[in-house]
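Student: For reference, the structure I am asking about is given below.
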Amino acid sequence: MKKVLCFSVLALTLLHAKEFSAPMKTYMDGLSTEAKAQNASFTGFDAKRGEALFFSQHTGKKGTQMSCTTCHSTNLKNGGQNVNTNKPITALAPSANPTRLTDVSEVEKWLRRNFNDVFAREGTALEKGDVLTYIINQ
């Protein structure tokens, strides 16, 4: 009975596993290589670290306190609004917006801009990988 239950839980987990597109997997592999080069003890990206980073407050490039949730909201399945331009932002979660995290150049562009806006600096490979791992699982 326990074996059947364990197998059922594993099967359901695999059915709901989120995966990056092939180009995004290649991008993530590059981030992983870079993170490993920066820290030999790197063992992989972590959605929990990504979530903590996504929700963490920082003094942004304009000197105000903000986090990723300032524009993207706390529920990534909902849209948000850019606090600087007031333009609407479509849902960030791929489960709600299947076009998210599919175009590497768009992902790179927005990671660069958003890290600069929120953290007033470029994100590290570890930070980018963790945040993307968090987002893909939403």
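Student: How many residues does the stretch 49-80 hold that are in a loop (DSSP other than H, G, I, E, B) and more than 12 Å from Ile135 (Cα to Cα)? Even if it seems obvious, please write down each step before you answer.
Tutor: Taking the stretch 49-80 first, the residues in a loop (DSSP other than H, G, I, E, B) are 56-57, 60-64, 67-68, 73-79.
When the remaining residues are screened for being more than 12 Å from Ile135 (Cα to Cα), the result is 56-57, 60-64, 67, 73, 78-79.
Result for the stretch 49-80: 11.
Student: I'd like to verify a number: residues in the stretch 34-47 that are open to solvent by 70 Å² or more (accessible area, probe 1.4 Å) and closer than 19 Å to Leu101 by Cβ, how many? If you could, list the steps in order and put the result at the bottom.
Tutor: The first filter runs over the stretch 34-47 and keeps only residues open to solvent by 70 Å² or more (accessible area, probe 1.4 Å), leaving 34, 36-41, 43.
Remaining after also requiring closer than 19 Å to Leu101 by Cβ: 34.
So the count comes out to 1.
Student: Tell me, yes or no, whether the stretch 84-91 has at least one residue that is touching a residue at least 40 places away in the same chain (Cβ under 8 Å) and loosely packed, with under 15 Cβ neighbours inside 10 Å. Talk me through it step by step, then tell me what you get.
Tutor: So in the stretch 84-91, the residues touching a residue at least 40 places away in the same chain (Cβ under 8 Å) come out as none.
No: zero hits.
Student: Residues in the stretch 60-83 that are modelled with pLDDT of 95 or more, open to solvent by 70 Å² or more (accessible area, probe 1.4 Å) and β-branched (Val, Ile, Thr): how many?
Tutor: So the count comes out to 1.
One line per residue, one yes/no per condition, for (1) assigned to a helix (DSSP H, G or I); (2) at positive phi:
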site: Ala96; (1), (2): no, no
site: Leu101; (1), (2): no, yes
site: Glu122; (1), (2): no, no
site: Ile135; (1), (2): yes, no
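Student: Suppose we filter the stretch 96-122 for residues that are of a type in the set (Gly, Ala, Ser) and surrounded by 15 or more Cβ atoms within 10 Å (Cβ to Cβ); how many remain? Write out each step before concluding.
Tutor: Of all residues in the stretch 96-122, those of a type in the set (Gly, Ala, Ser) come to 96, 105, 120.
Filter once more, keeping what is surrounded by 15 or more Cβ atoms within 10 Å (Cβ to Cβ): 96.
Of the residues in the stretch 96-122, 1 are of a type in the set (Gly, Ala, Ser) and surrounded by 15 or more Cβ atoms within 10 Å (Cβ to Cβ).
Student: Which one of these is farther than 24 Å from Met28 by Cβ, among the hydrophobic types (A, V, I, L, M, F, W, C) and not in a strand (DSSP E or B): Val107, Val118, Val83? If you could, list the steps in order and put the result at the bottom.
Tutor: Values: Val107 fails: farther than 24 Å from Met28 by Cβ; Val118 fails: farther than 24 Å from Met28 by Cβ.
Going through Val107, Val118, Val83 in turn, the sole match is Val83.
The values are calculated or read from the model by the stated rules, or taken from the named source; none is laboratory data. This one's a predicted model, so the numbers in the text were calculated from it and none came from an experiment. Note: ideal-geometry Cβ built from the backbone for every residue, glycine included; neighbour counts use all protein chains shown. Protein only, heavy atoms only, side chains kept; ligands, DNA and RNA dropped before computing areas. Shrake-Rupley method; radii C 1.70, N 1.55, O 1.52, S 1.80 Å.
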